[in-house]
Amino acid sequence: MISSTDLGKLALITWLDAKEIEYGWHTQDKIKKTGCPSILSVGWIADLTEKEVKISADVPLDKDDDEAGRSQSIPLGCVQDVTFWDGTYVWNI
């Protein structure tokens with residue numbers, strides 16, 4: 001799905017996130033009906049480990065600039081789908 005050759009590519013990642021029910025007591029029915037939401041994240045692939053893909057939504061155009069913004073780590077076990085946008089390779093990875 002994602003490999004080390006994808007570093008620096010712009011990706012649209014659909015992934016399953018955990019969801020906590022609000023505080024307090026809950027019926028079994030409410031607990032059973034609470035599902036994990038599918039999340040859509042967009043960013044340049046900054047790093048890939050055995051367990052996570054790390055993306056950044058804001059990256060510098062200056063190849064000497066090593067900072068990025070709005071970054072997050074997504075567990076690979078939660079990734080449902082990845083779409084790469086061709087022609088959008090940037091960053092100094």
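Numerical summary
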| read-out | value |
| --- | --- |
| Selection from segment 18-36 of residues that are within 18 Å of Q72 (Cβ to Cβ) and surrounded by 11 or more Cβ atoms within 10 Å (Cβ to Cβ) | C36 |
| Which listed residue, of T27, T5, is without any contact (Cβ under 8 Å) to a residue 12 or more places away in the chain, out of contact with any Leu (no Cβ under 8 Å at 6 or more places or on another chain) and within 14 Å of F84 (Cα to Cα) | T5 |
| Per-region count, segment 1-53, residues in contact with a Gly (Cβ under 8 Å, 6 or more places away or on another chain) and not aliphatic (A, V, I, L, M) | 3 |
| Residue within segment 59-71 that is surrounded by 12 or more Cβ atoms within 10 Å (Cβ to Cβ), within 11 Å of the chain's Cα centre (by Cα) and on the phi < 0 side of the Ramachandran plot present | yes |
| Options W15, W44; residue that is open to solvent by less than 50 Å² (accessible area, probe 1.4 Å), within 16 Å of G77 (Cα to Cα) and not small (G, A, S) | W15 |
| Residues of segment 48-58 that turn out to be open to solvent by less than 40 Å² (accessible area, probe 1.4 Å) and assigned to a loop (DSSP other than H, G, I, E, B), as a count | 0 |
| Matching residues, segment 30-64, being touching a residue at least 24 places away in the same chain (Cβ under 8 Å), among the charged types (D, E, K, R) and more than 22 Å from W15 (Cα to Cα) | K63, D64 |
| Which numbered condition W85 misses (of (1) of a type outside the set (S, T, Y); (2) modelled with pLDDT of 90 or more; (3) closer than 22 Å to S3 by Cβ) | (2) |
| Search result, residues across segment 1-13 that are part of a loop (DSSP other than H, G, I, E, B) and not charged (D, E, K, R) | M1, I2, S3, L7, G8 |
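Conditions tested, residue by residue: (1) part of a strand (DSSP E or B); (2) β-branched (V, I, T).
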{"position": "W15", "(1), (2)": "yes, no"}
{"position": "Y23", "(1), (2)": "no, no"}
{"position": "C36", "(1), (2)": "no, no"}
{"position": "T83", "(1), (2)": "yes, yes"}
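The values are calculated or read from the model by the stated rules, or taken from the named source; none is laboratory data. Predicted model only: the values in this text are computed from it and were never measured. All Cβ positions, glycine included, derive from the backbone under ideal geometry; neighbour counts span all protein chains shown. Quick note on the areas: whole protein, heavy atoms, side chains included, nothing else; ligands and nucleic acids left out. Shrake-Rupley method; radii C 1.70, N 1.55, O 1.52, S 1.80 Å.
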